[in-house]
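Report on the structure given below.
The values are calculated or read from the model by the stated rules, or taken from the named source; none is laboratory data. Keep in mind that this is a model prediction, so the values were computed, not measured. Please note: Cβ atoms are built from the backbone with ideal geometry, for glycine as well, and neighbour counts cover all protein chains shown.
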Amino acid sequence: MDNLNSTVEFGRSWRSKFLFENDFIPLNQGSFGAYPKVIREALNSYKEKFESNPDLWIRKNLGIELAKAREAIAEFVNADANDVVFVLNSTTGMNAVLKSLMFESGDKVRVHSAVKNSLQFVRDRSYGKLELLKIDVNYPISDEELISKIIGVIQEEHQKPNSRIKLAFVDAIASVPGAILPLKQILAILRQHNILSVVDGAQSVGQIPLDLKDLDPDYFVSSCHKWLYCAYSAAILYVPERNKKNLHPPVTSVYYDEEFTLEFSWVGAQDYSPYLTVLPALEFRRKIGGEDKILTYCHDLAVKGGKLIASILGTEILGPEYIIPNMVNVRLPVDVSNEKISVEVLNNLLFDKYHCYVLPYKHNGHWYIRASAQIFTDLSDFENVGKALREICESFNKMVK
């Protein structure tokens, strides 16, 4: 990393520092992330240390290295290191919370799509005690409208006899559409009504600044492999001291019911090396200019790139603009009722014919794509993808005519 510095300009030339195929246009950081070659080198180094002496590594060194990594990521999100543990991914962290809580008759949980199946599992095991509550949010919507809707649902449910919302899953950044939510205001509302909060911040670490002490969620999870440049798969679970009692990993280990960080440090036969790439990932970010430079470049590119694609397609981005993180949503000029169009068909065309990728999805009666901006992309990438999408949409529209 010695050859990297804050004067380097981001853009397509940075693709060579990552592991992408030649000529592939990657505009979907939000799904699985991507890490640079220097992180792969660090990852392989950790693996070699394990393989060269497994007993020494696991019995003596692993705990020390995990503690260093926890301290580094805790400082990054402004949390106490003893309140942060590593988990495989955000879903694993949310399952740890969900399956540790006890529910009573009349309890309701605000459903989040990412844990829908886990919630249904817990509901089925609760013998009818738990009810699931889904709040549909259709964009475009202002923060004021969203907050008003949440308050309205809470008040309506709490007026019913023997009914209360015990737990609410909340996005920091929604996945589809990719949009920033007014998290601080939502958490304040939940606290006011004594509703436990589980923040799905899968998209947040490395994409927006975070201050967990200030936000003060009851539980918070986020992936580190999506936007932070860590190796796959690594995520964090944050739990303040008040909520640690009776919280356990989904996998029961030899450290069951031990101290919080210790119990989560060992969950069976898994490779812990990706967790340790937090340190080199944070160092990489510092070397290339720091958080402000990275986030400013990616956000500005997302807005400009989204508008460029929209101008090519003759449509618009999904706003308002202040909800746009480093991902932007653009409406496709096709009829949602066209049965020839599906996610699978769009995926195949993007992969096989145009050698690029953005995430297609349906929302609120329209087809959209979600495009991610990164330090290894620039406006030319958005332009090329926009032209590919225009050809695809024109071909579908001709079929209808």
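Taken over the range 297-346, residues that are of a type in the set (D, E, K, R) and farther than 30 Å from MET399 by Cα amount to 3. In the set TYR275, TYR232, only one residue is surrounded by 12 or more Cβ atoms within 10 Å (Cβ to Cβ), touching a strand residue (DSSP E or B) at 6+ places or on another chain (Cβ under 6 Å), touching a residue at least 40 places away in the same chain (Cβ under 8 Å) and not aliphatic (A, V, I, L, M); that residue is TYR275. Set side by side, the residues ALA96, ALA79, ALA72 differ, and just one is under 24 Å from ASP171 (Cα atoms) and either without any contact (Cβ under 8 Å) to a residue 24 or more places away in the chain or not in a helix (DSSP H, G or I) (or both), which is ALA79. Quick check on my filter: what residues within the range 343-401 are of a type in the set (D, E, K, R), within 23 Å of LEU295 (Cβ to Cβ) and either part of a helix (DSSP H, G or I) or in contact with a Lys or Arg (Cβ under 8 Å, 6 or more places away or on another chain) (or both)? ASP378, ASP381, GLU383, listed by residue number. For the range 165-203, a residue qualifies if it is in contact with a strand residue (DSSP E or B) (Cβ under 6 Å, 6 or more places away or on another chain) and part of a loop (DSSP other than H, G, I, E, B), and the qualifying residues are ALA172, VAL176, PRO177, GLY178, LEU181, ILE195, GLY201, ALA202, GLN203. Mind checking whether some residue in the range 19-42 is assigned by TED's automatic domain parsing to the domain that holds HIS299, farther than 30 Å from GLN159 by Cβ, outside any helix (DSSP H, G or I) and among the polar types (S, T, N, Q)? Yes, that holds for at least one residue. Is at least one residue of the range 353-362 crowded, with 18+ Cβ neighbours inside 10 Å, touching a His at 6+ places or on another chain (Cβ under 6 Å) and of a type outside the set (A, V, I, L, M)? Checked the range 353-362: no residue is crowded, with 18+ Cβ neighbours inside 10 Å, touching a His at 6+ places or on another chain (Cβ under 6 Å) and of a type outside the set (A, V, I, L, M).
Based on this model, can you work out whether ARG110 counts as more than 20 Å from SER223 (Cβ to Cβ), modelled with pLDDT under 95 and within 22 Å of the chain's Cα centre (by Cα)?
Values: more than 20 Å from SER223 (Cβ to Cβ): yes; modelled with pLDDT under 95: yes; within 22 Å of the chain's Cα centre (by Cα): yes.
Yes.
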